[in-house]
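The values are calculated or read from the model by the stated rules, or taken from the named source; none is laboratory data. The structure displayed is predicted, hence computed values, not measured ones. Here the Cβ positions follow ideal geometry from the backbone for every residue, glycine too, while neighbour counts run over all protein chains shown.
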């Protein structure tokens, strides 16, 4: 049985509230679904999600990755990856940029809620050690994202241009 995941969501940019009805609930539900999909054993764990603005994410991206532009999601793991050992009490932080997420959702013909869900799942997977720097890693991570989103009733996020639900 999967241990519980506590999800702390902070909305630090008001744009999130105008983008979708309950961004906090969407983010929490997506993080919990990712955790269930991982079927992680160990103790209870926690993740912090910050729904920020583009400028905040740009500054973090510059500080931590030397890239001077906002990105959709940044993940900051604490401890180490889950790999058969004990789960860290605090997995880490996920920070999302409101403007980037809104633009990408529109460009990719997705609802903001579906795109936010995908990016939160993506962020949780990064926190536990998944990556997409090589094709095999990307395939593994994308498969887990697609299966997790399907469990939430959401479409495959990599099929751009299809009708948003």
Conditions (1) in a helix (DSSP H, G or I); (2) over 16 Å from the mean Cα position of the chain (by Cα); (3) more than 15 Å from residue 112 (Cα to Cα) -> residue 36 fails only (2)
Restricting attention to the stretch 84-113, which residues are assigned to a helix (DSSP H, G or I) and surrounded by fewer than 22 Cβ atoms within 10 Å (Cβ to Cβ)?
-> 99, 100, 102, 103, 104, 106, 107, 112
Could you figure out which of (1) touching a residue at least 60 places away in the same chain (Cβ under 8 Å); (2) on the phi > 0 side of the Ramachandran plot isn't true of residue 113?
-> (2)
Options 118, 132: the member that is surrounded by 21 or more Cβ atoms within 10 Å (Cβ to Cβ) and under 20 Å from residue 76 (Cα atoms) | 118
For the stretch 129-151, which residues satisfy the criterion of being out of contact with any helix residue (DSSP H, G or I) (no Cβ under 6 Å at 6 or more places or on another chain) and part of a loop (DSSP other than H, G, I, E, B)?
-> 129, 133, 134
Neighbours by Cβ (under 9 Å, 6+ apart or cross-chain): first from the stretch 124-146, at negative phi and at pLDDT 90 or above; second loosely packed, with under 12 Cβ neighbours inside 10 Å and in a helix (DSSP H, G or I) = 132/139
